[in-house]
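Accompanying notes for the structure given below.
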There are 2 protein chains.
Amino acid sequence: MTDRSRRDVILAATALAVGVTATGTRAAASTPASKASFPPVVHHVFFWLKNPDSKEDLAKLLAGLRTLADIDTVRGIHIGVPADTEQRGVVDGSYSASEILFFDDVEGQNAYQVHPIHKQFVADCEHLWERVVVYDAKAVAP
Amino acid sequence: MTDRSRRDVILAATALAVGVTATGTRAAASTPASKASFPPVVHHVFFWLKNPDSKEDLAKLLAGLRTLADIDTVRGIHIGVPADTEQRGVVDGSYSASEILFFDDVEGQNAYQVHPIHKQFVADCEHLWERVVVYDAKAVAP
């Protein structure tokens with residue numbers, strides 16, 4: 001079983017665990033989907049490019065970020081750029097790229113940090129950014 | 001159909017759209033789950049409590065955050081506190097609570113901002129926090 005197919009099975013299992021079924025109906029006695037639809041540990045990283053106007057540098061960074069999906073402990077990934085929402089004072093839309101990774105536990109996140117694919121990403125891309133901010137969060141019980 | 005059951009159907013549809021099936025096998029010609037397993041628009045909010053050591057204030061805030069799951073345009077929610085990952089220099093673990101909401105589009109996020117449940121949450125809980133930082137991101141095409 002490849003890393004990718006193993007992850008797909010795990011994602012399917014997660015979908016089932018929260019009561020989402022292939023027919024679109026809700027399983028009896030399931031956990032509310034709104035509270036259990038994602039793996040519990042989140043690692044959210046924001047990158048500010050040295051050259052924030054360089055589309056080429058952004059493309060390189062995004063390509064590097066996509067390689068992280070193949071790390072086996074990564075259970076979900078969302079790679080983005082600032083959304084065109086209303087820029088109120090509390091909204092920080094100054095970053096260049098956003099990477100959200102989900103893990104089953106802190107150990108999974110620790111394993112990711114030292115994984116060769118992650119190290120290669122840092123080696124290939126760290127010259128592109130001038131600042132990184134990381135937030136790690138774990139889900140609280142309902 | 002209630003808001004909750006409608007959301008469950010949508011979550012199921014999302015799971016199917018990314019090739020996750022009830023049997024744990026991968027649908028042919030599907031988008032890689034690693035790149036499309038979450039709705040595209042993310043709204044991530046970090047809260048710093050006025051009384052960061054007050055478990056009671058944190059509980060009130062978390063209870064308030066949970067009510068946001070019932071807003072119909074919210075496609076997924078993750079509520080958390082700082083994870084006990086290694087506190088490297090780039091990791092900001094100083095916040096009290098984290099709220100991640102997923103939306104199908106920016107319009108869904110805009111509708112959430114003015115929804116009565118969201119306004120009630122702000123009215124009930126804003127006295128608890130001294131600082132809020134918001135990051136809105138939209139997924140980039142692979």
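Could you pull out every residue, at least 5 positions away or on a different chain, whose amide H is within less than 5 Å of the one on A:Gln87? Hs are placed 1.01 Å off N in the peptide plane, and Pro or chain starts have none.
Counting only residues 5 or more places away or on other chains, the set is empty.
Restricting attention to segment B:56-142, which trypsin sites (Lys or Arg not before Pro) occupy a DSSP loop and are surrounded by at most 11 other Cβ atoms within 10 Å? Before the final figure, lay out the partial values.
Details: sites: B:Lys60, B:Arg66, B:Arg75, B:Arg88, B:Lys119, B:Arg131, B:Lys138; in loops: B:Arg75, B:Arg88.
Passing both the DSSP loop test and the Cβ count: B:Arg88.
Taking the label point 7 Å from Cα in the Cβ direction, how far apart in nm is B:Val81 from each other copy of itself, listed shortest first?
Here B:Val81 shows inter-copy label distances of 3.8 nm.
Can you work out the Karplus-derived ³J(HN,Hα) for every residue in segment B:129-139? Use 6.51 cos²θ - 1.76 cosθ + 1.60 with θ = phi - 60°, whole Hz, and x for glycine or proline.
Each residue of segment B:129-139 in turn: 9, 9, 8, 9, 10, 10, 10, 10, 9, 10, 5 Hz.
Placing the label point 7 Å from Cα along the Cα-to-Cβ direction, what are the distances from B:Arg131 to the equivalent spots in the other copies, shortest first, in nm to one decimal?
Computed spacing set for this position: 1.3 nm.
More than 22 angstrom separation, counting every C-alpha pair in segment B:38-138; what % is that? Before the final figure, lay out each step's value.
On the way: 1493 of 5050 pairs.
Of all Cα-Cα distances in segment B:38-138, 30 percent exceed 22 Å.
May I ask you to list the GluC sites (Glu not before Pro) in segment A:39-142 that are in a DSSP loop and have at most 13 other Cβ atoms within 10 Å of their Cβ?
Values: sites: A:Glu56, A:Glu86, A:Glu99, A:Glu107, A:Glu126, A:Glu130; in loops: A:Glu86, A:Glu126.
Here the sparse-neighbourhood loop sites are A:Glu86, A:Glu126.
Normalised by the residues of segment B:77-142, what does the relative contact order come to in percent, with Cα pairs under 8 Å and at least six apart? Don't jump to the answer; show the numbers that get you there.
Values: 30 pairs, mean separation 16.3, N = 66.
About 25 percent, as a whole number.
Please list 3J(HN,Hα) in residue order for segment B:99-108, calculated via the Karplus relation 6.51 cos²θ - 1.76 cosθ + 1.60 where θ = phi - 60°; whole Hz, with x for glycine and proline.
10, 10, 10, 10, 10, 6, 7, 4, 4, x
Between copies, how far apart are the B:Glu56 label points? List them in nm, one decimal, shortest first, with each point 7 Å from Cα toward Cβ, please?
Taking the point 7 Å beyond Cα along Cα→Cβ, the inter-copy spacings are 6.0 nm.
Every read-out reported here was derived from the displayed coordinates using simple, explicitly stated rules and does not represent laboratory data. Because the structure is a prediction, the values reported are computed rather than measured. Glycine gets a Cβ as well: all are built from the backbone with ideal geometry, and neighbour counts include every protein chain shown.
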